[in-house]
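K.L.:
Have a look at the structure that comes next, please.
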Amino acid sequence: MDILVLGGAGQVGTELQAVAWPAGVSVHAPSRAELDITDAGAVARTLDARDYRAVINTAAYTAVDKAESDVVEAWRLNALAPAILAAATAAKNIPLVHVSTDYVFAGTKPEGAYAPDEPIDPQSVYGASKAAGELAVRTANPRHAIVRTAWVVSPHRGNFVKTMLRLAGERDALTVVNDQHGCPTSASDLATALAGIAQRLAEDPAAPTGTFHCVNAGATTWHGFAEAIVAGAARRGGRSIPVNGIPTSAYPTPARRPANSRLSTDSLTAAYGIAPRPWQAALDDILDRLVGPVSEGASKP
């Protein structure tokens, strides 16, 4: 079974190539130089080259603030590319697994987590372009699984965990926003879920389709997440420094951030039997890889 992974150099794409796929599954992850997913002809030729059983698209324009001024490029990668991929895969009856984001929601829900079928209302160029990509996938390829996620972290590329570890080594205190709520997500756990969905779609014509959410269990704030990172690093021999909370209003950014990024994974569990583990356990695994094992005498929370 040949699986095509797009965005293979990113956090999730890197982890997809490290997944313990079953024997007989071959993962192909062409680089951006090898395949321009905004080129319909190039995409068609790639799909013609092998008998792909599923396509997983993790490629995206993810520079949230830069997108506010780089509008055309954000829409080219987040809306045009999914439209091309959906049309090309539908023409060959190949299921498409497409990764999306919590930013399609306004983030103003007072309490609780967003379910996949709740109304979307993006508040940024990034969110709007990703919402458009979702619509393109839904309308062009009926055999799709759109998987929204949030707060993705890993030992790879730039992300919140790596930034906090770096700053904790440079500063005597950290200041982090404490009124944005969400669900940290391990790129490894997300990749495992995407792989399972893709395999099911490839093997079972009746496999569930539609929109799902995949984040690690539990929620926190960016401030709470930063505290957990610093504390986890300290148990591994790193510096223990205070993490101070500030409101979003004290840290203005070009793009508006959702105050509530919580995503419900209930439909994912019901459809695919995937029940993500707590984010704290996932964070421990990432810190083990980035910092090292817990120091003797210290204990995991």
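Here, each number is a calculation from the coordinates, and none is a lab measurement. Source: prediction; values computed, not measured. Counting neighbours? That spans all protein chains shown, and the Cβs are built from the backbone with ideal geometry, glycine included.
K.L.:
Taking the number of other C-beta atoms within 10 Å as the exposure measure, put VAL294, VAL152 in order starting with the fewest. Can you show the working numbers first?
P.N.:
Working: VAL294 16, VAL152 25.
Fewest-to-most Cβ neighbours within 10 Å comes out as VAL294, VAL152.
K.L.:
Let me ask you something else. First check a/c for the chain, with a ≥ b ≥ c the square roots of the eigenvalues of its C-alpha gyration tensor; if it is under 1.5, answer rounded, and if not, answer prolate when a/b is larger than b/c or oblate otherwise. If you can, show how the numbers build up before the last one.
P.N.:
Working: a/c = 1.81, a/b = 1.49, b/c = 1.22.
Since a/c reaches 1.5 and a/b is larger than b/c, the shape of the chain is classed as prolate.
K.L.:
Next up: Which helices count as membrane-span-like in the chain under these terms: full DSSP H, at least 20 Å along the axis by C-alpha, Kyte-Doolittle mean of -1.0 or more? Let's see the in-between values first.
P.N.:
Numbers: long enough: 125-140 (22 Å, 0.36); 187-203 (24 Å, 0.58).
For the chain, where a helix must reach 20 Å along its axis and average at least -1.0, the hits are 125-140, 187-203.
K.L.:
So how do LYS130, LYS162, LYS92 line up by other beta-carbon neighbours within 10 Å, fewest first?
P.N.:
Numbers: LYS130 32, LYS162 17, LYS92 13.
In order of increasing Cβ crowding within 10 Å: LYS92, LYS162, LYS130.
K.L.:
Then there's this: Assuming a ≥ b ≥ c are the square roots of the Cα gyration tensor eigenvalues, decide whether the stretch 1-144 counts as rounded (a/c under 1.5), prolate (otherwise, with a/b larger than b/c) or oblate. Mind dumping the intermediate values first?
P.N.:
Details: a/c = 1.74, a/b = 1.55, b/c = 1.12.
Prolate is the answer for the stretch 1-144, as a/c is 1.5 or above and a/b outweighs b/c.
K.L.:
Now, a different point. Determine the shape class of the stretch 166-209: with a ≥ b ≥ c the square roots of the Cα gyration tensor eigenvalues, call it rounded for a/c under 1.5, and otherwise prolate if a/b is greater than b/c, oblate otherwise.
P.N.:
Values: a/c = 9.51, a/b = 2.94, b/c = 3.24.
Oblate is the answer for the stretch 166-209, as a/c is 1.5 or above yet b/c matches or exceeds a/b.
K.L.:
Give the residue from TYR103, GLN199, PRO155 lying farthest towards the positive end of the charge dipole for the stretch 64-204; charges sit on Cβ (+1 for Lys and Arg, -1 for Asp and Glu) and the dipole is referred to the Cα centre.
P.N.:
Selected residue: GLN199.
K.L.:
Could you give the dipole magnitude of the stretch 84-150 about its Cα centre, charging the beta-carbon of Lys and Arg +1 and that of Asp and Glu -1, in debye to the nearest 20?
P.N.:
Working: 6 positive and 6 negative charges, 74 e Å.
For this selection, approximately 360 debye.
K.L.:
Taking only Cα atoms and a 10 Å spring cutoff, compute GNM fluctuations for the chain and point out the largest among TYR61, TYR251, TYR114.
P.N.:
Comparing TYR61, TYR251, TYR114 in a Gaussian network model of the chain, the most mobile one is TYR251.
K.L.:
Arranged by the count of other C-beta atoms within 10 angstrom, fewest first, what order do THR101, THR108, THR139, THR221 take? Walk me through the numbers before you get to the answer.
P.N.:
Working: THR101 26, THR108 10, THR139 13, THR221 17.
So the ranking, lowest neighbour count to highest, is THR108, THR139, THR221, THR101.
K.L.:
Turning to a different aspect of this structure: Please report the spacing between the Cα centers of the stretch 234-280 and the stretch 95-142 in Å, no decimals.
P.N.:
After rounding, the separation between the Cα centres reads 18 Å.
K.L.:
Rounded to the nearest 20 Debye, what is the dipole magnitude of the chain about its Cα centre when Lys and Arg each give +1 and Asp and Glu each give -1 at the C-beta?
P.N.:
Details: 26 positive and 29 negative charges, 52 e Å.
Computed about the Cα centre, the dipole is about 260 debye.
K.L.:
Okay, next question. How many Å³ per residue does the convex hull of the Cα positions in the stretch 138-228 occupy? Intermediate results must be reported in sequence, preceding the final value.
P.N.:
On the way: hull volume 10.7 nm³, N = 91.
Taking the convex hull of the Cα positions in the stretch 138-228, it is 118 Å³ per residue.
K.L.:
So for the stretch 64-123, Kirkwood radius off the Cα pairs, Stokes-Einstein at 20 °C and 1.002 mPa s: how many µm² s⁻¹? Each step should come with its number before you reach the end.
P.N.:
On the way: Rh = 13.8 Å.
Using the Kirkwood radius from Cα pairs, D works out to 155 µm²/s.
K.L.:
Using the reciprocal of the averaged 1/r over all distinct C-alpha pairs, how large is the Kirkwood radius of the stretch 79-159 in Å?
P.N.:
Values: mean 1/r = 0.0732 Å⁻¹.
The answer is 13.7 Å.
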